[in-house]
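Colleague: Below are the structure tokens for one structure; questions will follow.
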Amino acid sequence: MRNPFFRSALAGVLLATTALCGAASAQTNPSAQQIINQLKPSGMLSDTTRGIKPLPPSPSGAVAPAMPVSPAASSTGNMSMAPAATTPTQATAATAPSTNLDIEFSSGSANLTPEATAALDQLGQALTSPDLAAYNFKIVGHTDTTGTAAANQVLSEQRAAAVKSYLETKFGVAGSRLQSEGVGESDLLIPTPPNTPNRSNRRVQIINLGQ
């Protein structure tokens with residue numbers, strides 16, 4: 001028979017562990033202020049393009065990378081700088097502040113759960129704040145690899161549209177400020193094999209498109 005003190009201590013450990021897990025779960029999504037900080041165009045994206053970081057100070061005496069010189073200009077002796085070819089879409093994706101939200105939908109549908117609306121309420125407060133009210137945003141739906149790629153593409157589009165509709169209805173965010181699209185399982189946050197459930201991959205990405 002186990003010592004009563006041991007049983008009491010074990011119960012205390014289990015309760016503490018449960019409380020910590022609950023607190024971690026409750027902090028999965030950022031607050032409205034954290035979303036504002038992530039979406040404000042005050043920095044540059046990290047290498048993973050999934051969060052912003054402050055611009056580092058320029059090192060003293062640092063030399064900027066050389067720009068390519070066009071052949072025609074070189075032959076005449078004129079140093080005409082030819083910028084690298086970059087489409088507007090690529091430029092936006094590479095420089096726009098963004099954030100990821102873990103939005104809980106009903107299984108296999110675009111129906112928002114109470115947990116989802118709680119997270120979206122924080123997003124709605126952020127988008128209607130003075131800091132972000134002048135900006136336009138893209139809502140991108142993502143899925144994990146459970147099911148077929150075609151079904152996940154449709155589901156991601158429906159979920160992004162559901163988020164857009166909620167923000168318009170609940171917070172009065174103008175539809176002209178919001179775009180929605182789905183990319184299905186084509187841009188996994190955590191690479192997984194096919195038919196692998198992963199909560200982190202079932203995300204909604206918010207991208208600041210500028211004014």
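What follows draws every value from the coordinates through simple rules; no lab data is involved. Note that the structure is a prediction, hence the values are computed from the model and not measured. Here the Cβ is made from the backbone with ideal geometry for all residues, glycine too, and neighbour counts use every protein chain on show.
Colleague: Could you grab the relative contact order for segment 142-211? Cα pairs under 8 Å, six or more apart, rounded to a whole percent. If you can, show how the numbers build up before the last one.
Modeller: Numbers: 95 pairs, mean separation 33.8, N = 70.
It rounds to 48 percent for segment 142-211.
Colleague: In addition: Taking a spot 7 Å from the Cα of residue 115 along the direction of its beta carbon, which residues of segment 168-204 have an amide N less than 13 Å from it?
Modeller: From segment 168-204, the list is 198-203.
Colleague: Spin-label point model (7 Å from Cα, Cβ direction): what's the residue 95 to residue 129 distance in nm?
Modeller: 2.4
Colleague: Once you list every other residue whose beta carbon is under 14 Å from the beta carbon of residue 132, what net charge do they have if Lys and Arg are +1 and Asp and Glu are -1? Mind showing how you got there, number by number?
Modeller: Working: positive: 40, 138, 177; negative: 131.
Net charge in that neighbourhood comes out at +2.
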